[in-house]
Every structure is written in structure tokens, then in C-alpha cells.
Amino acid sequence: MTHLTRRSILSLAALGAATATLAACSGGAATGGAAAAAYTAPAKDISATLTYAIWDAAQKPAMQKIVDLFNVQYPNIKVNIDVTPSKGSAYWTKIQTLASSDSLPDVFWMNGPKIKLYAENNQLLPLDGLAEAKAVDTSNYPKALVDLYTVGGKLYGVPKDFDTIALFYNKALLREAGVTEPTAAWTWDDLKTSGDKISKFYAGKGVYGFSGDLTGGQTSYYNTILGAGGSIISADGKKSGFDEAGSIAGLQFWRDIIDSGVSPNMQQLTDTLATDMFTSRKLALLMDASYIVGPTHAALGDDMGVVALPKGPTSNQGVIHGLANVIPANAKNPDAARAFVAFLGTKVAAEVQAETATVIPAFNDTQQAWVDAVPGAGLQVFLDAARTASPYPISKNTGAWNSLEGQLLPQAFAGTKPAADIAKDLATKMNEALSQEA
Amino acid sequence: MSNPTTELRAAPEAGPEEKPAPLRRRLVARGDGAWPWLFILPTVFGITVFYLWPIIQTFYYSFTKWGVFGGAKFIGLDNYVRLFSDSSIPQSLLNTIIYTLIVLMGIPIAVVLSALMESPGLKFAGFYRTLYFIPYITMPAAVGIVWRLVFNGDFGPINWFLSLLGIEGPYWTSTPGFALAAVATVGLWMSLGFNLIIIGAGLREIPQEIYEAAEMDGASRLRQFFSITVPLLTPSIFFVSVVTVISGFQLFDLLYVMMGKANLAMPQTQSLVYIFYNHAFLENDKGYAAAVGILILLIIAALTAVQFRVQRKWVNYV
Amino acid sequence: MSDSAIRAGRRVKRGRNAIAHVVLGGGGLLMIAPLIYQVIMSISTNAEVQSIPPTFWPSEVQWHNFADVFTVMNFGSSLRVSVLITMLRVVGQVILCSLAGYAFARMRFRGRGAILAVILSILMVPGQLFLIPQFQIVQNLGWLNTIAGIVAPGLFSAFGVFLMRQFFMGLPDELEDAARLDGANPFQIFSKIMMPLAANGLWALAIITVLWSWNDLLWPLVIASTQDAAPLSVGLANLQGEHANNYPILMAASLMAMAPILILFIAMQKKVMAGIGRSGLK
């Protein structure tokens, strides 16, 4: 059943991607950057040295394995993998500094919040040539990801992996508290009731019912905003959605669970991230992203379970985000770099990623290996979530209003000010930031 | 020995008043020719290229809307006008001042500890000095993480200790007020070793005869501390306070490591440099960040100048 | 320790020193308490680090955390880079800053005060501000990913110049004048007479440069994009996980990174104390 559904969804995605590719072609012709855009796979004996910048040290072994496989085809292209952690913004501080002096790495990881900033400022090489030459087929990836990395009709990144959001739970903690395991039919009310029971059961022991990481929206309030029918940013990326009624309800959700003691308070969540509380068995239910499956399973073993997000007033829709591999506009070695990016986008490369169970590979039909890597945990829900998920909200300078969220929203969650007031204030300031982008 | 503090006083305006006139005439007559230029050339060259030029660039960019990846559009005084209407600036200036004042408290602590460490015939003095100096040589990034855990509201040792006394400790790094105190405590902890060494050396320069004379007159040890030690230490105290103020106004790393993002207490804790970093690297608003950078430069320069002026009233020169 | 000899003439009551031991010992314990906590964490499990109430001693000592550091980071290579860049910066600063500091302290030339004031103003600018311009310069020199690139800006130091100037100003004039009468040129006076006299100051500068260079993070992080050019500070930063922290390994690694400096400091304690101590007097 799931397979059937998935396939039909995929063909739909393929259609969408094809349209995107068509649009991209015409776009490419109009601006006429043909020399760089056209691509033919370079000769097998081409020699080059590439730097591949990534930020997750845990994924380095998988990336190295892919490089080794790539070197079977292109033995003379040496790829050096350079890891800079994204924690403390080190990775982006570095990439931005490199970009300011035209010395970006030959291939590097890109994320949603930054793609428009780099693409619209002409820092990236359009990769439509790869699609035209059939070296990359965009229909192989979820449409939401292809859309994310298509800016102004041109494809700038080849999707690498994706992450979706689900509800994690600790089977042992639930059992002890006498609370039934969550199901896909759960609503926000079910979550609150069960969470409350758990918090009360463990009162005084520092164990809580339910929470999420409120230091950013992706794994927490973005999903409740969507679930309550709100939005973060308008489709054209010009207007904030934080002041919509649904968005306010989505923010209020977190205030309520903190207020009622279902969740640790805002200060506790800043001191110890919800994810860390969950892995140290201090939290029974957690809204979080697929990328924590590896470390969480390592800490909790078979006590870890996962289920689809509970339904809010409108839906149980969450966000989908994913990384892509990109090449700088002034690539020193565009052919070698594109050959490598094309290889990173192949099924073979995706399968390597799937086996290591770090992230869900973006290449369709390779994800099952990722699900199977942790049998019995119900990881399929992350793939199912991808079908209905909303693309990660971005604009040209996402960083500007992400920073505003970080400044204002903690007050709403802590109850220092009413969520509605904060939401309106945030929307006003975010709109101001958006108007500065042009 | 010569009087060192006179020179320190002259540092920022290292000019005419520095040496008595006859000596100066002699020096000029002597004439060093091209030699001084040979001596300073490598440094002046390197500093111009790597430090001065960036400051000049920043000054220029503070009048522009500076593209994330280069390309600046001149917008006159707009960034500075915005600086005055930005409510986070006065608050973070206040935070920076409070932080600096708390770290300055390390100076009286260092004076008392040094006086004890230099007690005649004290055993293990070298051991104590090492003990107090160790925090100064730790890696700030690693130490920030340790302190973050030490201050953790749920499993940190501080709150555990307080709970033994029946006190429920706050969430130190995420409660407004407490967060700044926690960060400043770490700042004080890190700088104490440096302060101790400088003040300790100052203590050792105080002629022993003065104490002996005071003892003959029957002055208590406490009295000796306040009427001999402290006044004669003022030059060292002054040096340490100048260094503390300059580094206090550059607070950034500790905040970054200890507070994390989206911290409820951030508005009441963030420093000017933190705001600078936010605008430059997170919000991609480098023109405005440049204006904040220039503001920081001006404030520190003004404060240092004031310190040098006011010192004449309280620093004793033997 | 030895300073106590200076004070031999002064009569002391033992009771006073008992108070000193109590205060200094108690304070000293507070000073190193976080580091003791760090040591305990480094031999605990990750779960023990985050347990409530805190466990103050691991149920089983995890010495392997230290061995594990070698598998999660290239410790040897990073150590080599750290030592190399630190040595180069120390040599560079000691030579360049003492030359310039001497000229500013003891020579007269047009614009001396103005040039010094400009150099001092650099101390007042937050370091992050230099990042992008310095990067562009190093890139134009073609020094990205090289030891030269990491080291170059750190060869010059406004603080070092200021520090050395203060030292040279405190030295007596007589020796210098005598040498001049003997026909020595300014460089000979500087290298043969003044440098040996400023030994304490040079030590102070060397130690401060070592500490700064060893812990310097942002600049090498940006400039060294290949692993074999990354010093310890960068290797340590890279240990921080994306989605989960392994605190014990992180603590073990940072203790190992700190160890060489600690040993160096203890071995040269007297010179360090004398050197840095003197800087405050000038």
C-alpha cells in the first residue's frame, strides 16, 4: 500500500520537476550563460583537485565512501572533504568570508535558508546543464526539494538528503507512567492530555511529558503553525504570516504546554535542548526531525518509537527541508565539479548515505534502506510525512528574520508577553526586513 | 628605578610632555636619522596592511549599504541615524558596562589575594600562583562549555550545591539578570590570574622599609594594607583596569558559547560586539554592522582617554 | 617562594599565615573547581554528565575517552600545526615588536606620537571586524590553506608593540649613552645592550603570544579549509556535534589540547611570573 502510494506520488513529483526543468531551460536561454551552463561529462582521465565543504562530521565517512566510488570513474579527480561545524555558525561565517573573496570551495553543502541569498547574489553556478545532459534527473528527488533549490527558474543545487518532522516517544517512560503509545490518529488534545499525565506521574523527578526545540522553528513551532492553518511566509516570499490567526494559535500551543507543565519551561529548554533531554530519558514525547534518529537510537535503543505528528485544528502537516550540493559561480574547475555533483546525485551515492542511517537520502526509492536500518521504530512515517509536508519557509535573506524570531518568540513561549502581541510585533519587523531585501 | 607610571600616563598622547625639555633637546640633537624608520618599518607595514586598512574600510562601509558579497552603495549617515533609534544599542551598552564593572571587581579581589600571597615567609606561594593562573591559560571555547554545564539549571553542580542549602537556584544562563552575572563571573574567573600576577609584581616593588617603619609606629596590618599597600599599588591597579575595560568592551566569545541561540535572557545580556556579529554574519547587514563597530571603537577610545585623565587624581606616583 | 627571602628581615607571626592559607587555599579550590569538574566529565559517560542529580564520580572510570580522541580527530597533525604556528608567531612578534617598541620608546622621529596613537587604536576594535578584510589580503597573497596564511596577520601586534615600548621606557639611559660614546650604532645598542635588559619583557610577550596563538580559533577556522592545516583549536571546534554532543570526548580532547600549554607554563613558571608581572609596572 505504502509503496503504491509512494510511487504515484513520485510520478506526480516527476511531472512537477519536469515542468520546473522546462522553465529552467527557457530561463537559461534567456539570460544566455550558455558556456557555463551546457554540460558534457568530462573525459575519464580529467585531472583536478576539488575541495568539498560539509558541516556534519558524522557524515564524513559516508561522504568519503562516495568520493572513493566516484574515483573509480574519475581516478584523477582528487576530492578533499573539509568539515566545518555549523554549530556556532562557524560553517556559514566561513562560507560567507570565502564568498566575499571569490574563493568558495569547489563543491559545498547548501541549506534552504541560504539558497536564495547565494543564488540571487550570483554566487552559484546554475546546474541546468546537468539536467539537460541527463547527468541529473530532477524527477528522482522530492518536488519540494527541487523547488527549494530552483531560484528564478534555474536549478542551483542537486538535492542531497531531506528531513521531515515526526513525534518521537520513549516506550519505557510511557509504559511506566501507564500511558498508551501515541498513534497516527492523535490530535493536539491527545498529546496534551497524555503529556500532562506523564508530567504529573514523574513530578519531582525532572521528567516531562512532551516538548520540542524552541530555539528554532523547523522542528517545533513551524509545524504547529502549519497544523493550525497558519503560515510563516507568503508563497511569494514577500509577506510575513506570523500575525495570521492560525500562526498565533500555533505559537500559543507551546505557551500552553509550558504553562500547564506538560513541557519544561523556556529557560530549561535553553539550558538543555529538548533533544538532549529526550536522549537522556528526561522527556517522554518529543517533536523533532528525522536527522536525530541516529544519535537518539544510539542512546535509547529499542525504547525509541516514532509516529506521525498529531493533528492540529487544521492538519498534521510539518515542514520538509533538505540539503543540496552546489557549485560556486566562478568555479575553477566547473566540469570536474559538476561531474562530482552529478555523482553525488546518483542512486549509488544515495544508497551509501542510506546505509549509514545518518540522513534520509533525497534520491527516491533509496530511502527504504534508511528506514530498515532501525527496524521496528516506525521510521516510515518520515517518508510518509514528505508527501504532505510544506517546503521550509525562506526568503532572500532568511537570516534576518530568523534572527528576529530568536529575539522575540522566547518571550511568547515564556509568557512574558501574550503570544498574539509578540506575533504581531514579529510580523511587523519581519515585513520590514523583507522589504529591505529587494 | 625610573618611574614607570609616568610613561603609562603619557601613552595615548605620547608626545611633547613626555620627557623633560633638556633631555628632548639632547635627543633631537643626537639625531637617530633613518634608524627609527628601519626599526618600525616592518611593523608599520604589517599593521597598516592587516589592521589599519580594515579599519579604514570599515569606516567607509559604515556609510554604505554593503552587499553581503561585496558591492557597497553610499547612503550617507543612514546607518548612524538608525544606530540612535535602535533600542537594542543602549540596552547592550548597559549590559556591557555592567559586565565590565563586575569583571573590574576582580581587581580588589586580586589586591587582597596578592597581599596574602606575598605574606612574608608564606609557604606554597608559588603553588597558589599557579593555581590562580591556570584559568587564564584555558581554552575559552572549551571552558565556556564547561561553565555552561556548571550553571545548568537542572543538572549543574552550582544548583545542586544550592539545593543542599535548601535554596532553589535559578536557570542561570537563561534568566535575565542572572545570565549576565553568570557570564561576568566567568569573565572575572578568567582574568583573575592575569590581574594577580601584575598586582603581585607591583607588591614586590614596594620597599620593605616602609612596612618596617609602619610596624615600628605600631600600625596594624590592616592599617598597613590600606595606607601603604593600596596607595603604592595604584599604578598596577590602573594598568589592570585599563586592560580590563578594553577587553570587557570586547565581550563576545563567552556570551556565544554560554548562552546559545534564542535565549530569553539575551536582550538583557548581549554585548555591543554580539550585536555587531549578529548584523555582520547572521543578518547579512554589514553596513550597519560597520557602524556598530565604529561606535564600539569610539566608546572604548573615549573611556580609555577618560581613564588616563582621571588617573592623575587617584594614582600615586612615587 | 624566593621573594619571601627579600622579606627575611620582617618578623612574622605564624597565625597570620594560617589565615592566608585558608583564604588562598579556598579561593584556589574555587578557581580550579570547573577544571576538576571538566576532568571528571572527561572520564564519565555522556549519560552521567547529564544526569539529575549530578553524579560527581563516574560509576566506572572511562579512560578510553582519551584514546577515543585520536579516532575522532587528527590530534597529532593538529598538534603539529598548533606548535608550528605558535612558534612562528612568537619569533615574529618578539623580533618585530621589540624593534618597533624600542624605536617608540627610545628614539626620536617625526610623527612618533601620532603613529603610536594610531597603532594603539587598533587595540580598541573588536577582532571580528578584521576577519573579512584580512581574509581578502591573505587570499590575494595566495596564502589560503597555508601556514603562512594562518601566521601572517599574527606576526604583527599592536599590543606587543605597546608592551615592549613600556618595557624599554623603564630601562635606564646610562648604558645606552655609554655605548653610543663608544661608537656603537643604534642597531648594535638595541641588540647587544637593550635586548638582554628587556628579557623579562620578551618573556611576557612570548607567553602572551603563546596563549593567544594556541587558543586562536576564528582566523585559522576560516583560513585553513583542509584538515592538515587545522590547529588544535579548530580540531576541537569540529568535535562539536550537529545534533548531539558527546561531552566526555569533547572534555577529554580539550584537556589534551590544553596540556602542552599547562606543562610549558609550570616548567617556566618563574619566567612567566616575572615577565607578565613586569608588564604591569610600566
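Here, each number is a calculation from the coordinates, and none is a lab measurement. Keep in mind that what you see is a predicted model, and the values were worked out from it rather than measured. Note: ideal-geometry Cβ built from the backbone for every residue, glycine included; neighbour counts use all protein chains shown.
Between the beta carbons of C:K192 and A:K238, assuming R0 = 60 Å, the FRET efficiency works out to 0.25 to the nearest 0.05.
Between A:K78 and C:D68, take the C-beta separation as r, use R0 = 35 Å, and let me know the FRET efficiency to the nearest 0.05. Let's see the in-between values first.
Numbers: r = 29 Å, r/R0 = 0.83.
After rounding to 0.05, the efficiency reads 0.75.
Ordering B:H279, A:H297, A:H321 from the fewest to the most neighbouring beta carbons within 10 Å gives A:H297, B:H279, A:H321. Taking 20 Å as the straight-line reach from the Cα of A:K200, the lysines in range (excluding those fewer than 8 positions away in the same chain) are A:K171, A:K192, A:K282. For a straight C-alpha distance cut-off of 27 angstrom, the lysines reachable from A:K429 (same-chain residues fewer than eight places away being disregarded) are A:K87, A:K114, A:K116, A:K238, A:K239, A:K396, A:K417, B:K65, B:K73, B:K261, B:K286.
Considering only DSSP beta bridges whose two residues both sit in the protein assembly as shown, what percent are antiparallel, to the nearest 5? Walk me through the intermediate numbers first.
Working: 26 of 42 bridges.
Here the antiparallel bridges make up roughly 60 percent for the protein assembly as shown.
In order along region A:146-158, phi translates into HN-Hα couplings of 4, 4, 4, 9, 9, 10, x, x, 10, 7, 10, x, 9 Hz, rounded to whole numbers, per the Karplus curve 6.51 cos²θ - 1.76 cosθ + 1.60 with θ = phi - 60° and x for Gly and Pro.
Roughly what angle does helix A:2-31 make with the longest principal axis of chain A, taking Cα atoms, 0 to 90 degrees, to the nearest 10? For A:2-31 against chain A, the angle is about 50 degrees.
Computed from label points 7 Å out along Cα-Cβ, the spacing between B:D78 and C:D228 is 4.8 nm.
Return, ordered by residue number, the residues of region C:155-187 whose backbone nitrogen is under 19 Å from a label point located 7 Å along Cα→Cβ of B:L41. Those under the cut-off are C:156-157, C:185-187. Using a/c under 1.5 as the rounded threshold, could you call region A:294-438 rounded, prolate or oblate? The axes a ≥ b ≥ c are square roots of the C-alpha gyration tensor eigenvalues, and prolate needs a/b larger than b/c, oblate otherwise. Oblate is the answer for region A:294-438, as a/c is 1.5 or above yet b/c matches or exceeds a/b. The 3J(HN,Hα) values that the Karplus relation (6.51, -1.76, 1.60; θ = phi - 60°) gives for region C:78-93 are, in residue order, 5, 4, 4, 4, 4, 5, 5, 5, 5, 5, 4, 5, 5, 4, x, 5 Hz. Gly and Pro appear as x. Between A:S86, A:S220, A:S290, the Gaussian network model of chain A with springs among Cα atoms under 10 angstrom shows the greatest mean-square fluctuation at A:S86. Between A:K60 and B:I299, the simple label model (points 7 Å from Cα in the Cβ direction) yields a spacing of 3.9 nm. Computed over neighbours whose Cβ is under 14 Å from that of B:D86, the net charge equals -2, Lys and Arg +1, Asp and Glu -1. Let me know the shape class of the protein assembly as shown, please: from the alpha-carbon gyration tensor, a ≥ b ≥ c as square roots of the eigenvalues, rounded when a/c is under 1.5, otherwise prolate if a/b is greater than b/c, or oblate. Verdict is prolate for the protein assembly as shown. Between C:I95 and B:M216, the modelled labels are 5.4 nm apart [label points 7 Å from Cα along Cα→Cβ]. Please state the shape class of region B:81-314: rounded when a/c is under 1.5, otherwise prolate if a/b exceeds b/c and oblate if not, all from the C-alpha gyration tensor. Cα axes put region B:81-314 in the oblate bin.
For region A:51-66, the Karplus equation 6.51 cos²θ - 1.76 cosθ + 1.60, evaluated at θ = phi - 60°, returns couplings of 9, 10, 8, 10, 10, 10, 4, 5, 9, 4, x, 5, 5, 5, 5, 5 Hz by residue, with Gly and Pro reported as x. Using 0.36 nm per residue and subtracting the Cα-Cα separation, the extra length available between A:E181 and A:K205 on full extension is 6.5 nm.
By the count of other C-beta atoms within 10 Å, a proxy for reagent exposure, C:I263, A:I81, B:I109 are ordered fewest to most as C:I263, B:I109, A:I81. When each of B:T175, C:T146 is scored by the number of other beta-carbon atoms lying within 10 Å, the sequence from fewest to most is C:T146, B:T175. In the protein assembly as shown, helices alone account for a calculated mean residue ellipticity at 222 nm of -18000 deg cm²/dmol, with every DSSP H run of four or more residues adding -39,500 (n - 2.57).
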